[in-house]
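Just dropping this structure here.
The values are calculated or read from the model by the stated rules, or taken from the named source; none is laboratory data. Owing to the predicted nature of the structure, the values given are computational and were not obtained by experimental measurement. Glycine gets a Cβ as well: all are built from the backbone with ideal geometry, and neighbour counts include every protein chain shown.
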Amino acid sequence: MNSISTSLVSILMPVKNAEPYLVECLDSILNQDYTNWELIVVNDHSSDDSMHILNRYAEVDQRIKVFSNNGNGIVAALKLAFHNSKGALITRMDADDKMSPQKIQLLADHLKSKGREHVAVGCVKYFSEDVLGDGYKKYEAWLNDLTKSESNYTEIYKECVIPSPCWMTYRDDLIDAGGFDGPYPEDYDLCFRFRNHGLKVIGVNEILHYWRDYENRTSRTDDHYADNSFLDLKVYHFIQSDHDGNNKLILWGAGKKGKRIAKLLIENRVDFLWICDNPNKIGKEIYGFVLEEIDISKINNDSQVIISVAQRGEQEKIKKQLENSDFNVFYFC
């Protein structure tokens with residue numbers, strides 16, 4: 001068992017073919033204002049020159065410790081990194097991103113000021129050699145607004161609400177929340193487990209982490225981060241943590257995502273009423289369910305409502321329809 005240092009920050013970083021960006025990433029860690037850190041790097045079977053770069057840096061700075069993944073993938077790499085870490089404070093890093101110089105200092109200061117049962121979260125910013133799409137800009141703004149108001153969990157079923165890897169928590173709280181033993185997408189699953197374990201968010205109103213976007217980024221190309229993986233995870237945690245079997249569950253929307261959610265609910269034997277506003281689908285049978293027309297007056301105030309409609313304009317219409325009701329609404333898009 002490693003001897004745990006109370007003031008040491010352990011930075012856990014999987015690396016997979018990150019050669020083009022790795023030097024810039026490592027330099028941003030070396031330039032941290034806070035110096036009492038260790039970087040636990042796990043090389044995940046890279047086929048490029050990543051391992052050579054890592055070993056070169058580790059020879060110069062003893063705070064950098066390099067291991068080879070004895071499994072496959074990010075989850076196995078994170079588990080190995082955590083096993084070999086010694087810090088009481090734990091944070092993450094991605095090998096293609098950059099830290100601001102004050103990232104570790106500010107996250108550690110905010111976390112220490114509140115103590116156990118908290119997770120410190122900073123603001124993030126995308127950067128790219130190409131033009132960033134509007135979707136990335138909107139996600140960045142939405143996520144940072146949640147962090148500034150410390151209201152991240154309120155919209156947890158929409159998207160990953162704690163920016164990976166821009167968080168820090170106490171080692172013991174991470175262990176109590178289940179560590180890195182969850183399924184993919186691992187960062188989103190960890191958000192749910194932080195919430196379920198009762199970790200309160202401490203928002204740091206500073207840009208502490210820079211997300212690099214590029215064509216073959218893992219979150220774009222790996223099947224573990226496809227839309228269905230996110231929906232599967234949302235439904236799993238909803239059933240485990242938020243579903244109230246004593247009240248009616250209503251699924252609103254019968255598009256691609258609505259159908260996927262319905263299928264998962266059926267597979268888990270969760271009863272629900274399926275409604276939509278598409279006249280071509282109302283009265284039709286899908287998966288043995290007859291889609292019903294939306295009638296707010298027939299929905300009890302203690303009902304749970306899953307919204308699967310993704311279009312922003314349509315969501316605004318739904319919000320207006322529900323603004324005078326007391327439904328427990330979960331936006332899955």
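Go through the range 314-327 residue by residue and tally those that are touching a helix residue (DSSP H, G or I) at 6+ places or on another chain (Cβ under 8 Å) and either assigned to a loop (DSSP other than H, G, I, E, B) or not aliphatic (A, V, I, L, M) (or both).
Residues that pass the stated criteria total 2.
Please enumerate the residues belonging to the range 1-23 that are out of contact with any Ser or Thr (no Cβ under 8 Å at 6 or more places or on another chain), surrounded by 15 or more Cβ atoms within 10 Å (Cβ to Cβ) and part of a helix (DSSP H, G or I).
Scanning the range 1-23 gives a single hit, 21.
Taking the range 60-80 only, how many residues are touching a Leu at 6+ places or on another chain (Cβ under 9 Å) and outside any helix (DSSP H, G or I)?
The number of residues fulfilling the criteria is 10.
In addition: Can you name the residue in the range 97-114 that is farther than 13 Å from residue 209 by Cβ and polar (S, T, N, Q) and is also surrounded by the fewest Cβ atoms within 10 Å (Cβ to Cβ) among such residues? Show your work before the answer.
First, pick out the residues of the range 97-114 that are farther than 13 Å from residue 209 by Cβ: 105, 108-114.
Those left that are additionally polar (S, T, N, Q): 105, 113.
Details: 105: 17, 113: 10.
The extreme case among them is 113.
Here is a check on your reading of the model: is residue 225 surrounded by 15 or more Cβ atoms within 10 Å (Cβ to Cβ), modelled with pLDDT under 80 and within 15 Å of the chain's Cα centre (by Cα)? Walk me through it before giving the result.
Values: surrounded by 15 or more Cβ atoms within 10 Å (Cβ to Cβ): yes; modelled with pLDDT under 80: yes; within 15 Å of the chain's Cα centre (by Cα): yes.
Here the answer is yes, as residue 225 does meet what is asked.
May I pose another question? Does residue 173 count as part of a loop (DSSP other than H, G, I, E, B), in the same structural domain as residue 25 (by TED's automatic domain parsing), in contact (Cβ under 8 Å) with a residue 12 or more places away in the chain and over 12 Å from residue 92 (Cβ atoms)?
Numbers: part of a loop (DSSP other than H, G, I, E, B): no; in the same structural domain as residue 25 (by TED's automatic domain parsing): yes; in contact (Cβ under 8 Å) with a residue 12 or more places away in the chain: yes; over 12 Å from residue 92 (Cβ atoms): yes.
Taking the combined requirement at face value, the residue does not satisfy it.
What's the number of the condition residue 147 fails, among (1) assigned to a helix (DSSP H, G or I); (2) over 20 Å from the mean Cα position of the chain (by Cα); (3) in contact (Cβ under 8 Å) with a residue 24 or more places away in the chain?
So residue 147 meets the others, but not (2).
Looking only at the range 7-24, decide whether some residue is closer than 27 Å to residue 177 by Cβ and at pLDDT below 95.
Looking through the range 7-24, at least one residue is closer than 27 Å to residue 177 by Cβ and at pLDDT below 95.
Another question about this same structure. When the residues of the range 33-54 are narrowed to those that are surrounded by fewer than 13 Cβ atoms within 10 Å (Cβ to Cβ) and without any contact (Cβ under 8 Å) to a residue 40 or more places away in the chain, which ends up nearest to residue 22 (Cα to Cα)?
Across the range 33-54, the extreme among qualifying residues is 52.
When you go through (1) modelled with pLDDT under 95; (2) surrounded by fewer than 18 Cβ atoms within 10 Å (Cβ to Cβ) one by one for residue 185, which number turns out not to apply?
Against the list (1) modelled with pLDDT under 95; (2) surrounded by fewer than 18 Cβ atoms within 10 Å (Cβ to Cβ), residue 185 comes up short only on (2).
Which condition from (1) among the charged types (D, E, K, R); (2) under 22 Å from the mean Cα position of the chain (by Cα); (3) in a helix (DSSP H, G or I) is the one that residue 94 breaks?
Exception for residue 94: condition (3).
Would you be able to say whether some residue in the range 283-302 is surrounded by 11 or more Cβ atoms within 10 Å (Cβ to Cβ), farther than 17 Å from residue 258 by Cβ, touching a residue at least 12 places away in the same chain (Cβ under 8 Å) and of a type in the set (S, T, N, Q)?
Checked against the condition, which is being surrounded by 11 or more Cβ atoms within 10 Å (Cβ to Cβ), farther than 17 Å from residue 258 by Cβ, touching a residue at least 12 places away in the same chain (Cβ under 8 Å) and of a type in the set (S, T, N, Q), the range 283-302 yields at least one hit.
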